[in-house]
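Okay, structure first, notes after.
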């Protein structure tokens with residue numbers, strides 16, 4: 001495993017919001033082909049790290065390299081085009097569109113997104129829509145949302161919205177998936193399914209997955225290695241079993257800093 | 001449920017009935033009524049161009065343009081100076097441009113249509129340039145900043161027109177704007193010719209908007225209207241798409257301004273006040289259904305219909321209390337209509353389509369009918 005080069009390399013990344021340091025010289029890496037877990041107490045800077053990697057925010061200092069190229073400071077859509085696709089902690093699907101169109105929105109560089117094509121080359125746009133439709137139907141079958149394809153995304157349950165988020169990312173062949181708490185708010189039955197889907201993405205499609213999760217069962221089942229963040233930087237790294245017995249990790253979770 | 005489905009056709013029918021019935025009943029004159037209706041329909045068609053344009057900006061892109069008047073004004077004046085002959089230096093009438101004769105080729109009755117066609121494109125381009133200038137500093141900010149900016153610019157342009165009276169004749173108004181094909185027909189017939197032109201322009205604008213909106217392009221717009229962050233995370237260049245939506249809408253408003261200028265024959269700074277040139281258009285879009293092109297057109301019809309009907313009422317023997325206050329009652333009625341629609345039908349008479357993509361819409365309708373080719377379960 002360690003023979004694989006890192007697909008994502010974060011070096012001395014710092015982000016401050018006014019006087020608050022959300023990330024403080026954070027250095028970590030994600031290796032290609034792994035499902036890497038990211039855990040840590042609330043306020044450790046996990047979501048901030050994801051926001052910086054995905055370009056939603058700009059770092060104060062430090063660098064982020066994806067497949068060897070600097071991506072820090074690029075706008076989110078450019079990072080997306082490099083193959084880094086994210087989901088949000090609170091699902092952010094487009095609730096005023098149907099499930100199918102949420103998926104069909106995703107494929108990058110659609111000809112139909114350039115305004116002159118719908119005007120002048122309608123048949124080309126139709127052919128492309130057909131392809132995206134077929135693919136969306138496959139993805140929906142994969143996440144078991146086929147029945148709901150023509151419903152507004154707003155009508156889905158919390159767990160189904162999480163599945164929809166995952167499904168959206170599968171429309172665009174990502175190299176690296178950033179999943180922010182994919183299991184939060186998902187019921188037990190659906191959670192098991194979700195875990196299977198995530199595993200299948202990694203083993204069948206070879207997508208590298210970097211996920212934030214609080215549910216230790218899910219982390220233990222899916223992730224190796226697990227990274228632990230605390231107070232804006234990396235605290236520990238190792239297999240789930242190593243992490244569970246790590247003294248410093250337990251301290252961080254139990255509020256050791258106040259002892 | 002049944003009533004709910006019938007509400008929209010019912011409203012449209014009642015308004016149509018009153019718009020036709022009241023003048024017919026009052027004048028008892030066929031020709032007069034038809035002339036009245038031709039003018040009414042022309043105005044509706046012109047307003048519908050604006051509501052369609054605003055629908056691109058607000059209904060789809062979610063860009064808050066509260067200065068429709070600015071683009072209306074630029075389009076109308078640009079078109080006017082493109083079709084008018086040059087200003088006579090001897091007279092007190094002063095304006096720039098006056099390209100009408102220069103643009104008239106000496107064949108195929110060129111002076112009857114070529115300058116007008118060029119003027120419509122020029123109006124679209126001028127409004128588009130204004131939109132780009134406004135968008136560059138404001139479009140990255142929250143949507144209310146653009147709303148404030150556009151209100152300000154609309155007023156500013158009106159002031160410039162008044163103060164710089166060498167530009168487009170200031171507050172003395174620009175009169176005698178030629179009409180297309182006016183050399184071929186007498187004034188009465190020309191009214192109908194002009195109605196035809198307005199409808200053709202409306203139809204072209206409708207097709208352009210409908211095809212653009214109900215495509216992957218429009219899908220990105222609807223997505224970013226709801227959630228810019230999620231749309232950016234979906235790999236879309238939010239700023240570029242917002243810019244395109246805003247500029248396309250502005251260009252179509254320029255077209256609307258041009259058609260308006262030809263139809264009226266005279267325009268002045270008071271033509272473009274906030275009520276008629278911005279507020280009424282917003283009211284039309286809200287009432288008709290923001291996010292739906294058919295809704296936008298219906299809204300133009302219903303609101304302008306009501307506006308006309310209330311003036312017709314004044315011809316009847318109303319009590320003095322009402323007669324004296326009819327103009328305020330009109331404002332009140334339009335306000336009441338908006339409130340009623342927002343309460344009963346918050347999404348307008350014809351709400352947003354469920355599916356953005358026209359291709360997908362057809363596909364899903366086919367499979368809903370159980371067409372074996374489309375297949376319900378693959």
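The values are calculated or read from the model by the stated rules, or taken from the named source; none is laboratory data. Since the structure is predicted, the reported quantities are computational estimates derived from the model, not experimental observations. Methodologically, a virtual Cβ is constructed for each residue, glycine included, from the backbone with ideal geometry; neighbour enumeration extends over all protein chains shown.
Does the range A:75-87 include one or more residues that are away from chain B (no Cβ under 12 Å) and modelled with pLDDT under 95?
No - not one qualifying residue is present in the range A:75-87.
Might you let me know whether the range B:18-31 holds any residue that is surrounded by fewer than 22 Cβ atoms within 10 Å (Cβ to Cβ) and outside any helix (DSSP H, G or I)?
Yes, there is a match, as at least one residue in the range B:18-31 is surrounded by fewer than 22 Cβ atoms within 10 Å (Cβ to Cβ) and outside any helix (DSSP H, G or I).
Give me the residue from the range A:112-159 that is part of a loop (DSSP other than H, G, I, E, B) and over 27 Å from the mean Cα position of the chain (by Cα) and, out of that set, nearest to the other protein chains (Cβ to nearest Cβ).
This residue is A:115.
Within 13 Å of chain B (Cβ to nearest Cβ) and either in contact (Cβ under 8 Å) with a residue 60 or more places away in the chain or touching a strand residue (DSSP E or B) at 6+ places or on another chain (Cβ under 7 Å) (or both): is that true of residue A:170 in this structure?
The answer is no for residue A:170.
Identify, from the list B:111, B:144, B:88, the residue that is in contact (Cβ under 8 Å) with a residue 24 or more places away in the chain and farther than 30 Å from residue B:288 by Cα.
The match here is B:111.
Say whether the condition of being more than 14 Å from chain A (Cβ to nearest Cβ), free of Cβ contacts under 8 Å to residues at least 40 places away in the same chain and under 30 Å from residue B:93 (Cα atoms) is met by at least one residue in the range B:192-201.
yes
Being under 22 Å from residue B:14 (Cβ atoms), at pLDDT 90 or above and within 14 Å of chain A (Cβ to nearest Cβ): is that true of residue B:292 here?
The answer is yes for residue B:292.
Spot the failing condition for residue B:248; the list is (1) closer than 26 Å to residue B:97 by Cβ; (2) more than 8 Å from chain A (Cβ to nearest Cβ), and only one is missed.
Tallying (1) closer than 26 Å to residue B:97 by Cβ; (2) more than 8 Å from chain A (Cβ to nearest Cβ), residue B:248 fails exactly one: (2).
Return the residues of the range A:88-110 that are more than 8 Å from chain B (Cβ to nearest Cβ) and farther than 26 Å from residue A:52 by Cα; say none if nothing qualifies.
Result: A:99, single match.
Hey, among B:161, B:136, which residue is modelled with pLDDT under 95, away from chain A (no Cβ under 14 Å), part of a helix (DSSP H, G or I) and within 30 Å of residue A:50 (Cα to Cα)?
Among B:161, B:136, only B:136 is modelled with pLDDT under 95, away from chain A (no Cβ under 14 Å), part of a helix (DSSP H, G or I) and within 30 Å of residue A:50 (Cα to Cα).
Residues that are under 19 Å from the mean Cα position of the chain (by Cα) and within 22 Å of residue A:222 (Cβ to Cβ): list the helices (runs of 4 or more DSSP H) wholly contained in the range A:2-105 that include at least 3 such residues.
A:46-54
Being surrounded by 14 or more Cβ atoms within 10 Å (Cβ to Cβ), under 26 Å from residue A:11 (Cα atoms), modelled with pLDDT of 90 or more and touching a helix residue (DSSP H, G or I) at 6+ places or on another chain (Cβ under 9 Å): is that true of residue A:179 here?
Yes.
Among A:86, A:114, A:92, which is buried (at least 22 other Cβ atoms within 10 Å of the Cβ) and touching a helix residue (DSSP H, G or I) at 6+ places or on another chain (Cβ under 9 Å)?
A:86
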